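The next block holds one structure in the form of structure tokens; read it before the comments.
The values are calculated or read from the model by the stated rules, or taken from the named source; none is laboratory data. Please read these numbers as outputs of a predicted model, since none were measured by experiment. Because the Cβ atoms are built from the backbone with ideal geometry, glycine has one as well, and the counts that use them run over all protein chains shown.
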Amino acid sequence: MPTIDFAHIDKSFGAVTALRDVTFSIADGAAHAIVGENGAGKSTLLKILAGDLHPDRGELRVGGSPVALTSTRDALARGIGLVPQEMLAFPNLSVTANIFAGRELTGRFGWLRESAMRARARELLARLQVPVSPDAMVDTLPIAYRQLLQVARALAFDCRTLALDEPTTSLTAAETDHVFRVLDDLKRAGVTIVYVSHRLADVFRLCDRITVLRDGRVVDTYDGHAATQDAVVQAMVGRVIPPRTRGVRRGADRPGPAEAGRHDPPGPRLEVRGVTRRPYFEDVSLSLAPGEIAGLFGLIGSGRTELVETIVGAARADRGSIAVDGRPARFTSPRAAARAGVMLVPEDRQRQGLFFNLNLRHNLALPSADAKGAWLIRRAERAACDALVRDWRIQTPSIDVGPDALSGGNQQKVVLAKWLALQPRVLLLDEPTKGVDVAAKFDIHGIVRDLASRGTACLLVSSDLPEVLSLADRILVMREGRLRGEIVAGDREVTEQDVMRLAATAPGEDGEAA
């Protein structure tokens with residue numbers, strides 16, 4: 001008997017229909033994926049399963065019996081736990097407090113069992129191989145560790161059904177392996193896993209069944225051991241996505257940096273020399289040429305995000321120098337950097353990329369307004385924002401709604417669109433396709449290549465190694481706060497192993513770059 005049945009589920013948000021007549025079953029003890037483009041309804045369906053949303057029509061059955069879940073606590077009581085797409089961590093509280101927030105262990109007279117919670121947190125952290133103290137403050141942790149706290153929250157109460165919404169988005173390959181070892185153990189223990197991810201390789205690695213949603217409807221359900229990624233992608237988008245082009249492997253497939261920047265002043269567009277910001281990184285030097293896409297790869301804790309934040313003035317360097325087009329630059333804020341044409345698309349769209357108290361029109365127009373020193377004329381502003389929504393295929397009923405009315409992937413498109421519209425001279429992208437579906441990722445890659453072809457110098461920070469290999473002209477590798485090597489196209493193909501060797505090998509044991 002299926003452990004979970006979705007029967008004719010409908011759900012709308014105002015004029016936006018998120019789910020239409022969704023009907024399928026998830027078998028007891030199976031790993032079942034739900035995939036689809038941004039806005040297909042995946043996260044909405046998981047929230048209904050977790051009691052966070054209620055369907056407008058239809059029925060949810062658990063263990064064959066109809067249920068009307070009233071809250072996430074109600075779902076937990078029935079053994080259903082959700083690892084949400086966006087991090088809900090309280091940054092000013094400890095790791096233990098975040099794991100047990102709202103579900104604290106109490107003893108007689110309602111006293112908190114702090115020692116028991118700390119011990120359980122330590123056990124969960126060890127199981128997930130997260131090397132931090134249960135007493136550490138969450139705001140001191142890298143984003144990947146914060147995301148793993150959501151997994152720990154769900155595992156803390158021995159759920160029999162675990163729903164995960166993009167759990168590996170911010171994780172490197174090694175960290176993803178850690179999570180999958182845990183999920184494999186849970187599968188063997190009979191836990192039902194409901195898995196949403198844009199990383200199809202992860203889906204096929206873990207899942208027995210794959211249900212595809214498109215425009216809020218079920219397209220089909222596939223056997224995960226027999227289906228192909230191409231078939232699933234075509235079902236997701238309703239069209240064939242062209243094969244991925246190669247970056248460091250593609251040689252002369254597209255104009256190189258010298259050709260792209262032939263009308264620019266000679267010399268690097270961005271030059272970083274001996275920049276240090278303890279304890280995150282030390283003595284980092286790099287340069288970007290006009291029209292170049294350089295990849296910056298490293299494991300979590302290597303200092304990549306902290307480096308790009310320092311370049312744009314979000315944090316102050318202890319020492320070192322930065323130059324743009326040969327002129328010294330010391331930015332005091334990301335706004336000052338943007339005025340000089342150096343822009344950062346940040347990793348955490350929820351905290352750094354969007355204003356949730358403003359509508360989409362204002363979110364999209366703010367960078368342009370600031371760059372011009374005044375607000376655009378309202379009619380021109382609306383026309384420009386409408387064009388961005390159309391060009392980026394942002395699914396929204398109106399530019400007058402807030403970002404919280406959009407799916408996570410469409411929120412990411414807004415973050416990217418508002419900065420790329422300014423045609424930056426230097427573009428730093430920190431995990432630009434995090435939480436973005438395969439079709440949108442293809443579009444974003446094309447836009448980055450187009451910017452580079454017109455002379456923009458791009459630095460791509462990504463934990464998605466295939467993405468780095470496909471986009472970058474060369475790859476810079478950081479480890480433990482230092483730049484450990486550079487990989488460029490040579491006489492042979494650059495492999496993931498080449499990059500990981502530099503990223504993961506202990507000092508003194510480095511392999512040679514390609």
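Listed values, structure above:
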{"quantity": "Qualifying residue in the range 293-316 (condition: on the phi < 0 side of the Ramachandran plot and more than 24 Å from the chain's Cα centre (by Cα))", "calculated": "yes"}
{"quantity": "Hits in the range 20-55 - residues which are surrounded by 20 or more Cβ atoms within 10 Å (Cβ to Cβ) and β-branched (Val, Ile, Thr)", "calculated": "VAL22, ILE26, ILE34, VAL35, THR44, ILE48"}
{"quantity": "Residue that is farthest from ALA144 (Cα to Cα) [pool: residues in the range 162-200 that are free of Cβ contacts under 8 Å to residues at least 60 places away in the same chain and among the hydrophobic types (A, V, I, L, M, F, W, C)]", "calculated": "ALA189"}
{"quantity": "Strands (runs of 3 or more DSSP E) contained in the range 48-95 and holding at least 1 residues over 29 Å from the mean Cα position of the chain (by Cα)", "calculated": "57-62, 65-67"}
{"quantity": "Complete set of residues in the range 441-458 that are small (Gly, Ala, Ser) and closer than 16 Å to VAL345 by Cα", "calculated": "ALA452, ALA457"}
{"quantity": "Residues (over 18 Å from GLY36 (Cα atoms) and either of a type in the set (Ser, Thr, Tyr) or within 24 Å of the chain's Cα centre (by Cα) (or both)) located in the range 187-227", "calculated": "THR192"}
{"quantity": "Number of the condition not met by ILE300 [criteria: (1) surrounded by 18 or more Cβ atoms within 10 Å (Cβ to Cβ); (2) of a type in the set (A, V, I, L, M, F, W, C); (3) at pLDDT 95 or above; (4) over 19 Å from ALA417 (Cβ atoms)]", "calculated": "(3)"}
{"quantity": "In the range 73-116, residue surrounded by the fewest Cβ atoms within 10 Å (Cβ to Cβ) [restricted to those that are out of contact with any strand residue (DSSP E or B) (no Cβ under 8 Å at 6 or more places or on another chain) and among the charged types (D, E, K, R)]", "calculated": "ARG108"}
{"quantity": "Tally, over the range 28-47, of residues that are part of a loop (DSSP other than H, G, I, E, B) and not polar (S, T, N, Q)", "calculated": "8"}
{"quantity": "Of residues in the range 314-348 being buried (at least 18 other Cβ atoms within 10 Å of the Cβ) and charged (D, E, K, R), the one farthest from ASP464 (Cα to Cα)", "calculated": "ASP325"}
{"quantity": "Per-region count, the range 458-476, residues aliphatic (A, V, I, L, M) and outside any strand (DSSP E or B)", "calculated": "5"}
{"quantity": "Residue under evaluation PRO167, criteria (1) of a type outside the set (Asp, Glu); (2) assigned to a helix (DSSP H, G or I); (3) at pLDDT below 90, criterion not met", "calculated": "(2)"}
{"quantity": "Whichever residue in the range 125-155 is modelled with pLDDT under 85 and assigned to a loop (DSSP other than H, G, I, E, B) and, among such residues, is nearest to GLY435 (Cα to Cα)", "calculated": "PRO142"}
{"quantity": "GLY446 being within 30 Å of ALA235 (Cβ to Cβ) and surrounded by fewer than 19 Cβ atoms within 10 Å (Cβ to Cβ)", "calculated": "yes"}
{"quantity": "Some residue of the range 208-231 being outside the structural domain of GLY485 (by TED's automatic domain parsing), over 30 Å from GLU175 (Cα atoms), part of a loop (DSSP other than H, G, I, E, B) and at pLDDT below 90", "calculated": "yes"}
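This table checks each residue for (1) closer than 26 Å to ARG339 by Cα; (2) part of a loop (DSSP other than H, G, I, E, B); (3) touching a residue at least 24 places away in the same chain (Cβ under 8 Å).
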residue	(1), (2), (3)
LEU422	yes, yes, yes
LEU427	yes, no, yes
PRO432	yes, yes, yes
HIS445	yes, no, yes
MET478	no, no, yes
